[in-house]
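K.L.:
Right, I'll just put the structure down here and ask away after.
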Amino acid sequence: MSTPLGDVLDQRRTAELQRATRALLKEPLLLAHGPRADEFRIVRRHASELRDWFELNTGWPLEVGPESARLRKIPGTLTDPTHPARDTARAAAPFTRRRYVLLCLALAALERGEAQIALGRLAEQVVLEASDPQLLAAGVEFTLERRDERIDLAAVVRLLLRFGVLRRVAGDEEAYVSGAGDALYDVERRVLAGLLATRRGPSLVRAEHFEERLAELAAETALDSDELRFRAIRQRLTRRLLDDPVLYYDELSDAELGYLTRQRAFILARVTELTGLIAEVRAEGIAMVDPLDDLTDTRMPEQGTHGHITLLLAEHLAASDGWVGTVDLCRLVRQLAAHHGTFWSKAAREPGAEPELVDQALAKLAALGLVTRTRHPDGVAPRPALARYAVAETVVLEPGARGATGRSTRPQRKDQQR
C-alpha cells in the first residue's frame, strides 16, 4: 500500500529538522554563501521551531538572519581543554595561548575598523593593542619581529576566513608571512557581531582569574523558583549530552544526578527526536551515539600510524587496573614498534619519537572521554567507556559452530559498562 501523503510530508519535515539541527551542532555559525549554503537555507526555513527547541532544552540562543545563522553555544563543561580551535592549514595545529590572545585582539580591531582591511594594517593594530600593560604583565608579547609571530597571526586570519568574518579580496597569508606581499579582505560586520557567545558582556566581568572570568561570562541569572532551577538543570544536562562524548554520572552534582534519574527517558527522547542520536545508557553514564558518524571532531579507531598507536594504547589502558605513567607508555610504544613498525611511518619508528606519539594518543583518548589526565599530569587513568577497547581471551570457533566459517580465532571485546 502507498504511504499517505501526510505521512510522507511529516517524514520529510522531521528529516529536514534533524539535518538543520545537526548542521548547527557541527557548525554553530552557518553562512548564506559557501559550502554550507544549503544547510543554512534549511535552518532558516525551520528557524522558529529550532529557536524554541534550543532555548527550552539547552538555553542556547539561535539567531537567524538573511546572511547567517548563529547558535550561541555555551560548552557543557567550561574547564574541558580537549577541543581547542585549530589552524585550518593542513597541519591543523591547535591554537596556543598567544593565538587565542591574537584572535581576541584581531576581533577588537576589526570591530573598530572599516569595511575593508589589509593584513598588514590589521597586524599594526594588533601590535598596538598587544602593548597594553596588562597583557605585558601577563607575559603576552607580540611585535611582529619574528616569523613565528607572523605565522600565528596568519593562522588567526585563516580561522576568521573559515568563520566568514573575513572574505579574501586579493593576496594571501603566506605572502605576508614571507614578507613578499600583503592581503586584502572584506569585513563581514554582521557575522563579526554575532561571534561573541556569552550570557554577560565581557566589560561587566569583575573577576581576575581566568577560570572565574569564564564562570562569570557563562553565569545564569538568579534562579528563584524550583521551576527555573529544574529547567537550568535540564539545560545543563542536555548541553553535556550534545557536547561531550560521554556524560559520566560521577561528574554530576547530587541535584543533577537526581533530576537525570527521574527525567532520563524524557530528556533522551527529546534529544533523539531532533538530532537522530541514539542513547547508549550504561551503569556509569550515557553516550549519545551518532549512527551517521559525522557529529564528532575526533574519531576512533582511525587509519594511519597515529590511529593504530592510539588503538593499541587504548587496549593496554583498558586492561590496566588504574593509573598508568607516561614513561611506561613510552616504553610500551618502543616494544610495539618492534612488532608493528613495518606498518608505521618512518618518523614514528625513529628513536625518541615515543613521547610525542604517546602525547598525541592520550590527547585523543582524553578528548573522547576515555581517559583522564587531571589528577596525574604525568600519566592517565582509564575511564569506564574505555572498556569497549579491552580485548578478552581469544575464542576458538570450530567448523559448524554458530557464526563460524571455518576454524578461526577471534578476539572478544569485554565491556564492563553493561
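The values are calculated or read from the model by the stated rules, or taken from the named source; none is laboratory data. Values in this document were obtained by computation on a predicted structure and should not be read as measured data. We place every Cβ from the backbone using ideal geometry, glycine too, and count neighbours over all the protein chains shown.
K.L.:
Quick check, is Gly322 loosely packed, with under 12 Cβ neighbours inside 10 Å, modelled with pLDDT under 90 and small (Gly, Ala, Ser)?
P.N.:
Here the answer is yes, as Gly322 does meet what is asked.
K.L.:
In addition: Anything in region 335-353 that is surrounded by 14 or more Cβ atoms within 10 Å (Cβ to Cβ) and either more than 29 Å from the chain's Cα centre (by Cα) or modelled with pLDDT of 95 or more (or both)? List them, or say none.
P.N.:
Of everything in region 335-353, those that are surrounded by 14 or more Cβ atoms within 10 Å (Cβ to Cβ) and either more than 29 Å from the chain's Cα centre (by Cα) or modelled with pLDDT of 95 or more (or both) turn out to be Leu336, Ala337, His340, Gly341, Arg349.
Condition check ((1) buried (at least 17 other Cβ atoms within 10 Å of the Cβ); (2) among the aliphatic types (A, V, I, L, M); (3) touching a helix residue (DSSP H, G or I) at 6+ places or on another chain (Cβ under 6 Å)) across all residues:
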{"site": "Gly59", "(1), (2), (3)": "yes, no, yes"}
{"site": "Glu67", "(1), (2), (3)": "no, no, yes"}
{"site": "Glu111", "(1), (2), (3)": "no, no, no"}
{"site": "Leu136", "(1), (2), (3)": "no, yes, no"}
{"site": "Leu144", "(1), (2), (3)": "no, yes, yes"}
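K.L.:
Also, quick follow-up: Of all the helices (runs of 4 or more DSSP H) wholly in region 121-196, which have at least 2 residues that are acidic (Asp, Glu) and within 23 Å of Ala89 (Cβ to Cβ)?
P.N.:
147-163, 173-178
K.L.:
Can Leu228 be described as surrounded by 15 or more Cβ atoms within 10 Å (Cβ to Cβ), among the aliphatic types (A, V, I, L, M) and in a helix (DSSP H, G or I)? Show your work before the answer.
P.N.:
Working: surrounded by 15 or more Cβ atoms within 10 Å (Cβ to Cβ): no; among the aliphatic types (A, V, I, L, M): yes; in a helix (DSSP H, G or I): yes.
So Leu228 does not fit the description; no.
K.L.:
Something else: For region 29-43, give me each residue that is surrounded by 18 or more Cβ atoms within 10 Å (Cβ to Cβ) and either of a type in the set (Gly, Ala, Ser) or touching a strand residue (DSSP E or B) at 6+ places or on another chain (Cβ under 7 Å) (or both).
P.N.:
Leu29, Leu30, Leu31, Arg36, Glu39, Phe40, Val43
K.L.:
Among the residues of region 13-39, write down those that are over 18 Å from Thr275 (Cβ atoms) and either assigned to a helix (DSSP H, G or I) or in the same structural domain as Arg240 (by TED's automatic domain parsing) (or both).
P.N.:
Of everything in region 13-39, those that are over 18 Å from Thr275 (Cβ atoms) and either assigned to a helix (DSSP H, G or I) or in the same structural domain as Arg240 (by TED's automatic domain parsing) (or both) turn out to be Ala37, Asp38.
K.L.:
On to the next question. Specify which of the listed residues (Ala314, Ala255) is assigned by TED's automatic domain parsing to the domain that holds Ala353, among the small types (Gly, Ala, Ser) and part of a helix (DSSP H, G or I). Before the answer, list the steps.
P.N.:
Working: Ala255 fails: assigned by TED's automatic domain parsing to the domain that holds Ala353.
Step by step, each of Ala314, Ala255 is checked, and only Ala314 is assigned by TED's automatic domain parsing to the domain that holds Ala353, among the small types (Gly, Ala, Ser) and part of a helix (DSSP H, G or I).
K.L.:
Separate question: Restricting to region 80-92, give me the number of residues that are touching a helix residue (DSSP H, G or I) at 6+ places or on another chain (Cβ under 7 Å) and either among the polar types (S, T, N, Q) or free of Cβ contacts under 8 Å to residues at least 40 places away in the same chain (or both).
P.N.:
Pass one, region 80-92, residues touching a helix residue (DSSP H, G or I) at 6+ places or on another chain (Cβ under 7 Å): 82-83, 85, 87-89.
Okay, now just the ones that are also either among the polar types (S, T, N, Q) or free of Cβ contacts under 8 Å to residues at least 40 places away in the same chain (or both), so 82, 88.
Number satisfying all stated conditions: 2.
K.L.:
Could you please tell me which pairs satisfy a Cβ distance under 9 Å, a separation of 6+ or placement on different chains, a first residue in region 49-76 that is in contact (Cβ under 8 Å) with a residue 40 or more places away in the chain and closer than 24 Å to Arg167 by Cβ, and a second residue that is among the basic types (Lys, Arg) and part of a helix (DSSP H, G or I)?
P.N.:
Here the result reads Glu63/Arg51; Gly65/Arg44; Gly65/Arg190; Glu67/Arg190; Ser68/Arg190; Ala69/Arg44; Lys73/Arg239, each pair linking region 49-76 to a residue that is among the basic types (Lys, Arg) and part of a helix (DSSP H, G or I).
K.L.:
Looking at Arg99 and the list (1) loosely packed, with under 13 Cβ neighbours inside 10 Å; (2) of a type in the set (Lys, Arg); (3) more than 16 Å from Ser178 (Cα to Cα), which single condition is not satisfied?
P.N.:
Arg99 satisfies all of (1) loosely packed, with under 13 Cβ neighbours inside 10 Å; (2) of a type in the set (Lys, Arg); (3) more than 16 Å from Ser178 (Cα to Cα) except (1).
K.L.:
Which count do you get for residues in region 361-397 that are exposed (fewer than 13 other Cβ atoms within 10 Å of the Cβ), out of contact with any strand residue (DSSP E or B) (no Cβ under 8 Å at 6 or more places or on another chain) and at pLDDT 65 or above?
P.N.:
0
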